[in-house]
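Asks: Take a look at the following structure, please.
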Amino acid sequence: MKTEKNIALEFNEFSKNYTNDMIGCVPHYMSLISGFVNSLPENFKPQSILDLGSGNGNVTAQLISFFPNAIYTLVDASSEMINLCRNHFNEYTIIYENKYFKDFSFNKESYDLVVAGFSIHHCDENEKQAMFGNIYNSLKKGGIFSYCDLMISKTNPDHKRLMQQWKEFVRINFPDGEKWNWLMEHYQTFDKPTDYPLQKDWISNAGFSTIEIGFREEYWVHLQAMK
Ligand SMILES: C[S@@+](CC[C@H](N)C(=O)[O-])C[C@H]1O[C@@H](n2cnc3c(N)ncnc32)[C@H](O)[C@@H]1O
């Protein structure tokens, strides 16, 4: 796989074997994705759900079996990813928005739950802060923002060690080294992870009252923030 020119084209290509590639390339992927259901409060029954960077729908797929009657809005820049979701979820009420986050209208107080799985690390620092503000405003009172990602900046002193550990994980799953080389090209071109403490500050600054970690292994984190 070669690296494409922009996020939309990159993920059109990545969509071909997406779930397998994620499980083999992202440590704890399935545990982090399970957190979108497992970490929710027991009595929380969302009726409107926004999935930011839905990809092929792995996060929505978790939620939809528990909340089949909710109205879902799926945003993704990649048309191929959106097409996979259209085929997969054709029996449910889904609004598809094939666009970049910056072009999506975050309507005020519209959602009970906003989810983002491994998508916000594609935004730079300013975009991230703007996203957290938009997410906060688009949630209803009592709503939840649920988010998983790699949460370490490339300048963190521990980044080098993490990369060694990550490389070993990928080598076990894809021994020929080709996948790791592609992943590192992708990481360099498209990924802009941010340290957890800084993101936590930005999420608090956006107005969220409580921020809880549902799952964490090293810098692979799932968190929930309540409005
Ligand atoms: C790594 S995938 C994550 C997919 C899924 N949420 C998951 O957890 O497996 C990231 C997705 O976010 C989308 N994406 C990244 N940056 C985006 C942006 N700025 N606007 C819209 N979509 C974006 C990509 O097209 C891709 O489908």
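None of the figures in this text is laboratory data; all of them are computed from the coordinates on show. All figures in this text were calculated on a predicted structure; none of them were measured in a lab. Methodologically, a virtual Cβ is constructed for each residue, glycine included, from the backbone with ideal geometry; neighbour enumeration extends over all protein chains shown.
Asks: Once the convex hull of the C-alpha atoms of segment 165-227 is built, how many Å³ does it hold per residue, rounded to a whole number?
Replies: With only Cα atoms used, segment 165-227 gives 101 Å³ per residue.
Asks: Enter the per residue convex hull volume of segment 100-227, computed from alpha-carbon coordinates, in Å³ rounded to the nearest integer.
Replies: Roughly 109 Å³ of hull volume per residue.
Asks: Which value in nm describes the separation of the simple spin-label points at Asn20 and Tyr100, placed 7 Å from the Cα toward the beta carbon?
Replies: The two pseudo-label positions are separated by 3.2 nm.
Asks: Express as a percent, rounded to the nearest 5, the fraction of DSSP beta bridges in segment 7-226 (both residues included) that run antiparallel.
Replies: 45
Asks: May I ask you to derive the relative contact order of the chain, considering only C-alpha pairs under 8 Å and at least 6 residues apart, and to give it as an integer percent?
Replies: 22
Asks: Over the Cα atoms, compute the radius of gyration (one decimal) and Dmax (the largest Cα-Cα distance, rounded to a whole number) for segment 31-96, in Å.
Replies: Taking only Cα atoms of segment 31-96, I get Rg and Dmax of 11.4, 35 Å.
Asks: Right, something else. For every other residue with a beta carbon closer than 9 angstrom to the beta carbon of Phe14, add +1 if it is Lys or Arg and -1 if Asp or Glu, then tell me the sum.
Replies: Taking every Cβ under 9 Å from that of Phe14, the sum is -4.
Asks: Follow-up. Which residues does the label zone of Glu4 cover in segment 45-77, counting backbone N under 12 Å from a point 7 Å along Cα→Cβ?
Replies: Label zone hits: 77.
Asks: How much mean residue ellipticity at 222 nm does the chain get from its helices, if each DSSP H run of length 4 or more adds -39500 (n - 2.57) and you divide by all residues, to the nearest 500 deg cm²/dmol?
Replies: So the helix-based figure for the chain works out to -13000 deg cm²/dmol.
Asks: Provide, in order from the shortest bin, the percent of all Cα-Cα pairs of segment 127-166 in each 10 Å bin, continuing until the bin that contains the maximum pair distance.
Replies: With a bin width of 10 Å, the distribution comes to 23, 35, 24, 17, 1.
Asks: How much length is gained if the chain between Glu178 and Asn156 is pulled fully straight, taking 0.36 nm per residue apart and subtracting their Cα-Cα distance, in nm to one decimal?
Replies: 5.3 nm
Asks: What would the Debye formula give as log10 I(q)/I(0) at q = 0.08, 0.12 Å⁻¹ for the alpha-carbon point model of the chain, no solvent?
Replies: The Debye formula, applied to the Cα set alone, gives -0.27, -0.62.
Asks: Taking 0.36 nm per residue of separation and subtracting the Cα-Cα distance, what length does fully extending Asp191 through Ala61 add?
Replies: 44.4 nm
Asks: What is the spin-label model distance, in nm, from Glu168 to Glu109 if the labels are put 7 Å beyond Cα along the C-beta direction?
Replies: Result: 5.2 nm between the two label points.
Asks: Dipole of segment 132-220, Cα-centred, from +1 at each Lys and Arg C-beta and -1 at each Asp and Glu C-beta, to the nearest 20 debye?
Replies: Taking the Cα centre of segment 132-220 as origin, the dipole is about 240 debye.
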